[in-house]
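**Q** Have a look at the structure that comes next, please.
The values are calculated or read from the model by the stated rules, or taken from the named source; none is laboratory data. Quick caveat, the model's predicted, so the values are computed rather than measured. Please note: Cβ atoms are built from the backbone with ideal geometry, for glycine as well, and neighbour counts cover all protein chains shown.
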Amino acid sequence: MSVIQRSIQVGWQLRVFFTEDVFAPANLVLKTALGNDAGQASRKALVVLDESLAHARPDLARQIEDYFSAPDGNVKLAGPPLVIEGGERAKNSPLQVAEIHSQIDRHHLDRHSYLIAVGGGALLDAAGFAAATAHRGIRHVRIPTTTLSQADSGIGVKNGINAFGKKNFIGTFAPPHAVINDFNLLATLEPRDRRAGYVEAVKVACIRDHAFFGEIERDAAKLTAFEPAAMKRLIQRCAELHLDHIATSGDPFELGSARPLDFGHWSAHKLEQLSNFQIRHGEAVAIGIALDVVYSRQAGLLDAPSAERVLALLERLGFDLFANELLNVGSDGQLQVLGGLNEFREHLGGDLTITLLREIGRGVEVHEVNLPKVVAAIHELRGRHGARTQKIIHARA
């Protein structure tokens, strides 16, 4: 036999900008990200806008149009912002992606055009998949509008939609052209959605940064009250840690079998499915982290005081650590959530690798789990949740 072999290296510069009022006429951040060079030929942009945000901010679509109509820009809108449904429903059907593809075709966007997605993580995932697959890739700019997407999901190289009852079954690895975090776009979020991104900060602090974990503990009361300065600190540090991992782990496109940033996620993804996505991603991850922390303690990896610190912090930030879906039983008599381990194994290429905790700030990879101990951890969380609920009821009586 004969073989011709060459090494192919592709470099990416992933930029995450932090600003406020990104579409204000005097704000040049977006134009800088798009490369607003007077010497360049005029380019087109299609803006995809999250429907819930458009309803909460009825002025936003017009503000976006005014921003791009300014005479000093060489990027022009192909048409009015395309308003589409956000939330997990945006990822549960290929119809949203098809609609974006049709608009890209209708307005004759090319590979030097821009698809700018303004919305939560689910919308960014679907729009990013559309951008990555139209013309084999057009330039994608993410403007996340939830704490979860500003701190975590918007800061990555993954895009995708759900299929066959599995999270992110269809998707791509395609780094965005730029990410722009506008803190003011969080203003219309309900408390449930405002706190959702906190859990990803706890996650990355648990596996990467003991000092950051301590900062979250110290700021817990301010974060619970949604104090802006504390939220900004958390979002920026969380985004930085995620970006550092992507840039320095040596495996940004997950060709191996390890995904440390998915600590707590094997059960979280399954819980979302079992609840028909009534349990939102951040809430599911909080439960998933709690489950893996208790299991880490039971397996002798993590000391009891450290485990309690993590559980207590999640509760202080407003998260429940148990959901009834953890006890759902399938036709085979097994807890359905345990199927998340097999789905995780498939997603990683056939070999199970999950991250547990050795200590706060340091994760450890394991390749097998003791199912009876996982079940015991679930029941421990159930008991803890019940006792905490009773305490709250008595305090209010």
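**Q** If you take the residues of region 109-149 that are among the β-branched types (Val, Ile, Thr) and more than 24 Å from His245 (Cβ to Cβ), which of them is surrounded by the most Cβ atoms within 10 Å (Cβ to Cβ)?
**A** The extreme case among them is Val118.
**Q** Now for a separate question. Which one is surrounded by the most Cβ atoms within 10 Å (Cβ to Cβ) among residues in region 269-301 that are in contact with a His (Cβ under 7 Å, 6 or more places away or on another chain) and under 22 Å from Glu359 (Cβ atoms)?
**A** In this case the residue turns out to be Val285.
**Q** Now for a different question. (1) over 29 Å from Thr147 (Cα atoms); (2) assigned to a helix (DSSP H, G or I); (3) in contact with a strand residue (DSSP E or B) (Cβ under 8 Å, 6 or more places away or on another chain); (4) of a type outside the set (S, T, N, Q): which one isn't true of Asp292, the others all being true?
**A** All conditions are met except number (1).
**Q** Still on this structure, please answer the following. I'd like the full set of residues that are in a helix (DSSP H, G or I), surrounded by 17 or more Cβ atoms within 10 Å (Cβ to Cβ) and touching a helix residue (DSSP H, G or I) at 6+ places or on another chain (Cβ under 7 Å), limited to region 358-392.
**A** Val374, Ala377, Ile378, Glu380, Leu381
**Q** Considering only residues that are of a type outside the set (A, V, I, L, M, F, W, C) and surrounded by 15 or more Cβ atoms within 10 Å (Cβ to Cβ), look in region 334-357 and name the one that is modelled with the highest pLDDT.
**A** Gln336
**Q** Same structure, new question: Which one of these does Asp152 not meet: (1) within 16 Å of Val16 (Cα to Cα); (2) surrounded by fewer than 24 Cβ atoms within 10 Å (Cβ to Cβ); (3) acidic (Asp, Glu)?
**A** Answer for Asp152: the failing condition is (2).
**Q** Turning to a different aspect of this structure: Here is a list of conditions, (1) under 15 Å from the mean Cα position of the chain (by Cα); (2) closer than 23 Å to Ala117 by Cα; (3) in a helix (DSSP H, G or I), and Asn184 meets all of them except one; can you say which number that is?
**A** Among (1) under 15 Å from the mean Cα position of the chain (by Cα); (2) closer than 23 Å to Ala117 by Cα; (3) in a helix (DSSP H, G or I), the lone unmet condition for Asn184 is (1).
**Q** Test Ser42 against the stated conditions and say whether it is polar (S, T, N, Q), modelled with pLDDT under 90, over 22 Å from the mean Cα position of the chain (by Cα) and not assigned by TED's automatic domain parsing to the domain that holds Pro144.
**A** no
**Q** Would a scan of region 169-178 turn up a residue that is surrounded by fewer than 20 Cβ atoms within 10 Å (Cβ to Cβ), of a type in the set (A, V, I, L, M, F, W, C) and at positive phi?
**A** Scanning region 169-178, I find no residue that is surrounded by fewer than 20 Cβ atoms within 10 Å (Cβ to Cβ), of a type in the set (A, V, I, L, M, F, W, C) and at positive phi, so the answer is no.
**Q** Need a quick list: helices (runs of 4 or more DSSP H) entirely within region 48-167 having at least 1 residues that are touching a residue at least 60 places away in the same chain (Cβ under 8 Å) and either within 27 Å of Ala201 (Cα to Cα) or not aromatic (Phe, Trp, Tyr) (or both).
**A** Qualifying helices (runs of 4 or more DSSP H): 51-56, 95-106, 121-133, 147-151.
**Q** A further question on this structure: Can you tell me which residue within region 295-334, out of those that are in a helix (DSSP H, G or I) and free of Cβ contacts under 8 Å to residues at least 12 places away in the same chain, is nearest to Asp125 (Cα to Cα)?
**A** Looking at the filtered set, the residue picked out is Asn324.
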